[in-house]
1. Kindly indicate whether any position in region 227-235 is touching a Lys or Arg at 6+ places or on another chain (Cβ under 6 Å), in a helix (DSSP H, G or I) and crowded, with 17+ Cβ neighbours inside 10 Å.
2. Run residue 55 past the list (1) crowded, with 16+ Cβ neighbours inside 10 Å; (2) at pLDDT 90 or above; (3) within 15 Å of residue 112 (Cβ to Cβ) and report the number of the one that doesn't hold.
3. Search region 18-36 for residues being out of contact with any helix residue (DSSP H, G or I) (no Cβ under 8 Å at 6 or more places or on another chain) and of a type in the set (Gly, Ala, Ser), and hand back the single one that is surrounded by the most Cβ atoms within 10 Å (Cβ to Cβ).
4. With the requirement that a residue be free of Cβ contacts under 8 Å to residues at least 40 places away in the same chain, assigned to a helix (DSSP H, G or I) and either surrounded by 11 or more Cβ atoms within 10 Å (Cβ to Cβ) or among the basic types (Lys, Arg) (or both), what does region 85-99 give you?
5. Quick one: is residue 197 surrounded by fewer than 12 Cβ atoms within 10 Å (Cβ to Cβ) and modelled with pLDDT of 95 or more?
6. What about residue 249, is it in contact (Cβ under 8 Å) with a residue 12 or more places away in the chain and either surrounded by fewer than 19 Cβ atoms within 10 Å (Cβ to Cβ) or in contact with a strand residue (DSSP E or B) (Cβ under 7 Å, 6 or more places away or on another chain) (or both)?
Amino acid sequence: MAFIPNTRGYQGAYVSAEVMDAGLRAYMLRVYNWMASGLALTGIIATWIGNSSAINLFYHAVQTGYGERMAPTGLGYLVMFAPLAFVMVLSFGVNRLSTTTAQALFWVFCATMGASLANIFLIYTGGSIANAFFVTAGTFAAMSIYGYTTKTDLTRFGSFLIMALFGVIIAMVINMFMHSAAMQFVISVVGVLVFVGLTAYDTQRIKADFVAYAQSYSPEMAAKRGVYDALALYLNFINLFMMILRLTGNQRQN
């Protein structure tokens with residue numbers, strides 16, 4: 001029987017591979033629970049705001065050369081860019097934040113993201129939003145299972161996926177000024193491929209990091225890392241959902 005350092009960080013103690021596997025499954029379950037809970041909160045907030053008068057706090061009608069359209073208010077712009085600040089704090093401050101603070105920031109981030117996504121109910125029909133969500137859930141689950149079980153080393157694709165992600169972001173910024181439907185289609189297709197790949201890659205990375213560093217994880221650090229890893233999968237899910245929605249969503253008729 002193979003033996004490896006234990007997951008509690010006690011120097012000189014060893015546990016069996018079976019115990020490590022049990023610890024890994026428990027850790028991954030914690031990560032998925034955090035991610036799923038965050039998605040549920042985001043969905044509840046987005047649905048409530050998008051289907052109530054609260055949407056007027058974030059968007060208001062303005063006249064343009066193309067007719068009337070909904071534009072963000074000051075609060076709308078705030079919730080659009082606030083998630084980026086939360087991601088940076090959680091990503092770079094994971095070692096300095098307390099577990100309670102990291103968890104609280106995760107919940108506030110998910111709620112803010114829900115407010116940021118409420119505008120999809122102004123653009124797309126409820127049925128197409130639901131369809132995109134279920135397609136995303138199935139795709140995400142399949143790729144995460146693949147990333148967890150595959151013996152193929154996905155780290156070699158990491159740099160390519162990150163570069164492709166930056167390319168998608170740059171193209172999205174450019175298209176904000178060009179308003180090209182063709183370019184938006186290409187961005188969405190490439191975006192789906194990128195986030196499908198990142199889902200598998202991040203799942204394998206989370207698994208590998210736990211196996212490699214579990215012996216040095218204190219319970220507090222494991223709890224914080226669980227939140228950070230859940231954030232990575234959460235972001236993959238949200239971005240994959242948005243790309244699929246842009247490809248398949250039916251827009252509301254004005």
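The values are calculated or read from the model by the stated rules, or taken from the named source; none is laboratory data. All values derive from a computational prediction rather than experimental measurement. Here Cβ is always computed from backbone atoms with ideal geometry, including for glycine, and neighbour counts include all displayed protein chains.
1. Within region 227-235, not a single residue is touching a Lys or Arg at 6+ places or on another chain (Cβ under 6 Å), in a helix (DSSP H, G or I) and crowded, with 17+ Cβ neighbours inside 10 Å.
2. Failed condition: (3).
3. Ranking the qualifying residues of region 18-36, first place goes to 36.
4. 85, 86, 89
5. Judged against the criteria, residue 197 is not a match.
6. Details: in contact (Cβ under 8 Å) with a residue 12 or more places away in the chain: yes; either surrounded by fewer than 19 Cβ atoms within 10 Å (Cβ to Cβ) or in contact with a strand residue (DSSP E or B) (Cβ under 7 Å, 6 or more places away or on another chain) (or both): yes.
Yes.
Okay, residues lined up against (1) within 30 Å of residue 21 (Cβ to Cβ); (2) surrounded by fewer than 16 Cβ atoms within 10 Å (Cβ to Cβ); (3) of a type in the set (Lys, Arg); (4) at pLDDT below 95:
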site: 176; (1), (2), (3), (4): no, yes, no, yes
site: 190; (1), (2), (3), (4): no, no, no, no
site: 212; (1), (2), (3), (4): yes, yes, no, yes
site: 220; (1), (2), (3), (4): yes, yes, no, yes
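Quick grid of which residues meet (1) at pLDDT below 95; (2) over 19 Å from the mean Cα position of the chain (by Cα); (3) in a loop (DSSP other than H, G, I, E, B):
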{"residue": "122", "(1), (2), (3)": "yes, yes, no"}
{"residue": "129", "(1), (2), (3)": "no, no, no"}
{"residue": "136", "(1), (2), (3)": "no, no, no"}
{"residue": "139", "(1), (2), (3)": "no, no, no"}
{"residue": "146", "(1), (2), (3)": "no, no, no"}
{"residue": "158", "(1), (2), (3)": "yes, no, no"}
{"residue": "161", "(1), (2), (3)": "yes, no, no"}
